[in-house]
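Colleague: Encoded as structure tokens, here's the structure I'll be asking about.
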Amino acid sequence: MRKLLIFSLFLVVLTTFVFGGWEFESVFYTEPGTEITNAYGAHGIAVDPAGNIWFGMYNYPTDSTVTATDTIYYYGPRVFDPSGTELSMSPIKMLTIDGVTDTLFSSCRGLATDKDGNILLTVSGALYRINYQTGEGMNKYVSTDIGTGSWTKAGVDAEGRIFIAKVVPGGGPIKILNHDFTELGNAVSSWSQICRALQVSADGKDLYTGSTWNGKGIIHFHSDIPGVLEYTPVDTIGNRYIEGVLDTTWIYTSDTTIVGTDTTITIDTTFTTEPYYSVLWPEDITIGPEGKVIYAANTQGEWSDKYRGSRWLAFDLETGEELYTIGTPEFDPEKPYVNGAIWNGRGAAWSADGNTMYLIDFGYCNITKWSKTAAVDDNVGNIVRTFSLYQNFPNPFNPTTTIPFTIENSGLIKLIVYDMLGHEVATLVNKKMNPGSYKFEFDATQHATGMYIYRLTVDGKQMAKKMLYVK
């Protein structure tokens with residue numbers, strides 16, 4: 001009987017494929033001819049207000065026309081209704097804007113929706129807006145500052161401002177556009193990290209970029225007045241793992257060394273020793289429908305670590321805490337798709353009710369469909385917490401500020417302030433405390449102006465927030 005029970009449980013695990021409350025439902029679409037090949041194709045996904053799914057290709061054309069002298073290849077997006085039927089306007093091969101027709105020869109770099117639900121298509125050197133109902137072109141943006149190379153997926157805030165940049169290692173601005181595609185200025189004048197995707201909070205004050213090849217994870221910027229004050233780096237999310245423990249204070253100093261709050265760690269890139277070092281290399285980042293969780297597609301296993309490669313990871317935007325992972329690592333170009341597998345994620349999008357998630361995979365060149373189970377909620381407020389850390393007041397401050405928090409259970413409490421290099425500035429609390437609400441004052445008189453992080457630790461669990469000291 002016991003053996004039968006174990007087998008039954010094992011069978012359930014094999015057939016349900018539930019990750020963090022997201023259950024694999026089906027392969028929604030696979031680009032023809034790429035079923036068993038490393039096609040390096042899928043590179044954009046969005047869901048419009050009608051529920052239609054827009055799908056962009058990078059290195060594999062969506063259509064072609066044979067002429068007497070040549071073959072013309074098109075890389076415009078495909079469009080499907082929720083049942084998987086391709087719409088008559090799909091694939092979109094040309095866009096006419098202000099009397100000028102552009103043929104979509106260039107690979108798709110990303111898809112997003114603007115505040116009205118219209119489609120933002122990024123290609124090399126340009127950003128287009130497409131009417132989601134007709135498939136017709138509406139606007140086009142080019143920038144001599146960004147240049148003609150590969151651009152990122154666009155980020156959009158609730159006011160309709162659009163954020164766009166170039167995918168480069170050598171530097172370049174992150175631009176802010178008004179809803180009508182006119183430039184507001186630079187969000188960041190020069191940024192040297194490779195980022196295939198940008199995301200922005202609904203209020204436009206927090207900007208996130210995903211950095212690959214350098215192991216900095218998700219980089220978080222902040223501006224108190226978007227479009228007026230430039231964004232400055234605040235912290236990172238998911239940038240360092242040692243034995244699975246996240247510490248956003250660790251700083252990458254060279255190819256072989258990282259320096260943290262408590263220790264300096266030598267990197268073992270062969271993964272032959274424990275604790276092992278690994279990095280989050282987000283090929284895509286997407287903020288979930290509730291605006292409280294950011295999803296990051298960790299890249300192929302051989303580019304990351306032997307345990308965590310090729311998965312989607314969900315992080316709490318407020319605390320940086322990893323909530324769960326989605327998918328199983330799979331990156332064998334000689335094998336057909338395995339249900340629930342992730343090879344090289346490049347985009348995520350949700351139905352209007354937030355109950356269906358669509359993920360695209362660069363290696364498998366497909367769209368997979370996932371259903372929300374009763375066990376998951378993208379609203380982090382539904383995650384049970386036994387303590388709360390609140391924003392300091394006043395903020396900004398000079399030179400003192402008050403940090404409030406509450407705890408529901410007795411335990412060992414630590415409240416520590418760090419500078420942006422991860423150095424400990426002040427320990428405000430380090431003792432056992434009873435349940436209740438508390439306030440502690442931080443005096444920055446002896447410290448430099450700038451951004452600081454304060455972190456509350458309750459029996460090993462952490463929350464952190466930022467505060468600004470201005471003289």
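The values are calculated or read from the model by the stated rules, or taken from the named source; none is laboratory data. Note that this is a predicted model, so its numbers are computed, not measured. Neighbour counts are summed over all protein chains in view; Cβ atoms, including those assigned to glycine, are modelled from backbone coordinates with ideal geometry.
Colleague: In region 343-362, what count of residues is obtained for those that are more than 19 Å from Gln199 (Cβ to Cβ), outside any loop (DSSP other than H, G, I, E, B) and not charged (D, E, K, R)?
Modeller: Qualifying residue count for the region: 1.
Colleague: So Val79 clears everything in (1) in contact with a Phe, Trp or Tyr (Cβ under 7 Å, 6 or more places away or on another chain); (2) within 21 Å of Lys369 (Cβ to Cβ); (3) without any contact (Cβ under 8 Å) to a residue 24 or more places away in the chain except one condition, right? Which one?
Modeller: (3)
Colleague: Going by the conditions given, is Ala187 within 14 Å of the chain's Cα centre (by Cα), of a type outside the set (D, E, K, R) and either modelled with pLDDT of 95 or more or assigned to a strand (DSSP E or B) (or both)?
Modeller: Considered against the rule, which asks whether it is within 14 Å of the chain's Cα centre (by Cα), of a type outside the set (D, E, K, R) and either modelled with pLDDT of 95 or more or assigned to a strand (DSSP E or B) (or both), Ala187 comes out as no.
Colleague: Please pick out the residue among Tyr438, Tyr418 that is aromatic (Phe, Trp, Tyr) and in contact (Cβ under 8 Å) with a residue 40 or more places away in the chain.
Modeller: Step by step, each of Tyr438, Tyr418 is checked, and only Tyr418 is aromatic (Phe, Trp, Tyr) and in contact (Cβ under 8 Å) with a residue 40 or more places away in the chain.
Colleague: While we're here: Output the number of residues of region 197-211 satisfying the condition of being surrounded by fewer than 24 Cβ atoms within 10 Å (Cβ to Cβ) and either in contact with a strand residue (DSSP E or B) (Cβ under 7 Å, 6 or more places away or on another chain) or modelled with pLDDT under 85 (or both).
Modeller: Qualifying residue count, region 197-211: 2.
Colleague: List the strands (runs of 3 or more DSSP E) that sit entirely inside region 40-126 and contain at least 3 residues that are surrounded by 15 or more Cβ atoms within 10 Å (Cβ to Cβ).
Modeller: 42-47, 53-57, 78-80, 108-113, 119-123
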